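Right, one structure below, let's go through it.
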Amino acid sequence: MRLFASLAIPDDIREELHAWWESANADFHPALWRDVPPQNWHLTLAFFGDVDGRDTDDLAEALADCARRHAPLALHIQGFGAFPNLMRPRVLWAGVADAEASAGKLARLARCCRLAGRATVRKRSARDEPFRGHVTLARASQAAAPLEAEVLQAMPEMPELAWTAGTLCLMQSILRPEGAQYRILEAFPLGE
C-alpha cells in the first residue's frame, strides 16, 4: 500500500481556497495543467511509499505516538509557489505555515512523522529537502513552461485562511488512471 501521513484541510478552508483557485488559475492552460480535485487536498507531513501490510500497524503506532506528543496546530495559508521552482514548474501549490502561536511546531510534527517512517518501514520517508508545508493545487500534465511574471501578477490576492489542525491521519494513496484517490486508514487526535 502507498501510505503517507497528513493533516486534513477543514471543509470551510477547502471551500474558500477552492474559490480563490478557481479565479486564480484562469491563465493556467488545462492542456498543460491538471487540477487536483479539492476533495483530495491535504497537507502531507511524510510520504512513506509502498508499505508492506505487516508494517502498517507498527507505522500506525509510531504515528499515534507522534500525535500524542504534539498539541493541535494553529495554521494558515501563506503564499503560492511551484515545485521545483517557478522556472521549471511541475506542481503548483498554496503554502501552509504555522500561525504565530504554533511557531515551528508544524515542521517538528513533520519530522516526527518522517522519523516514524524510517524507524518502522525502514525506508527513507523524505527527500533531503527541508519540509515545506503546502497543499498541491495542480500538476503539470506535460513539460510546463516557466511561469511568466505577468501571469503571477494577474493572480488575485490569496485570502487569509487560518484553522487549527487537531488530527494526524495515516492515509492510503490509490493510483487510478483518472487520478489518485485517498483513503484515511487511521486518525490520531493531536495532544491526547
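The values are calculated or read from the model by the stated rules, or taken from the named source; none is laboratory data. Please read these numbers as outputs of a predicted model, since none were measured by experiment. Note that we place each Cβ from the backbone using ideal geometry, even for glycine, and neighbour counts take in every protein chain shown. Just the protein is used for accessible areas: all its heavy atoms, side chains included, with ligands, DNA and RNA removed. Shrake-Rupley method; radii C 1.70, N 1.55, O 1.52, S 1.80 Å.
Report yes if some residue within the stretch 91-105 is in a loop (DSSP other than H, G, I, E, B), open to solvent by 50 Å² or more (accessible area, probe 1.4 Å), in contact (Cβ under 8 Å) with a residue 60 or more places away in the chain and hydrophobic (A, V, I, L, M, F, W, C); otherwise report no. Within the stretch 91-105 (the criterion being in a loop (DSSP other than H, G, I, E, B), open to solvent by 50 Å² or more (accessible area, probe 1.4 Å), in contact (Cβ under 8 Å) with a residue 60 or more places away in the chain and hydrophobic (A, V, I, L, M, F, W, C)), the answer is no, since none of the residues qualifies.
Within the bounds of the stretch 120-134, is there any residue that is touching a residue at least 24 places away in the same chain (Cβ under 8 Å) and closer than 17 Å to N40 by Cβ? Scanning the stretch 120-134, I find at least one residue that is touching a residue at least 24 places away in the same chain (Cβ under 8 Å) and closer than 17 Å to N40 by Cβ, so the answer is yes. For the stretch 136-192, what are the residues that are free of Cβ contacts under 8 Å to residues at least 12 places away in the same chain, open to solvent by 70 Å² or more (accessible area, probe 1.4 Å) and farther than 16 Å from N40 by Cα? Selection gives A143, E148, E150, Q153, E157.
Here is the figure for the stretch 23-69: residues that are part of a strand (DSSP E or B) and surrounded by fewer than 17 Cβ atoms within 10 Å (Cβ to Cβ) total 3.
Could we say that E186 is of a type in the set (D, E) and more than 30 Å from S23 (Cα to Cα) here? So E186 fits the description; yes. Of all residues in the stretch 74-90, exactly one satisfies the criterion of being open to solvent by less than 10 Å² (accessible area, probe 1.4 Å), assigned to a strand (DSSP E or B) and not aliphatic (A, V, I, L, M), namely G81. Would you call G53 in contact (Cβ under 8 Å) with a residue 12 or more places away in the chain and on the phi > 0 side of the Ramachandran plot? No; evaluated as a whole, the condition is false for this residue.
Within the span defined as the stretch 100-116, every residue fails to be of a type in the set (D, E) and modelled with pLDDT of 95 or more.
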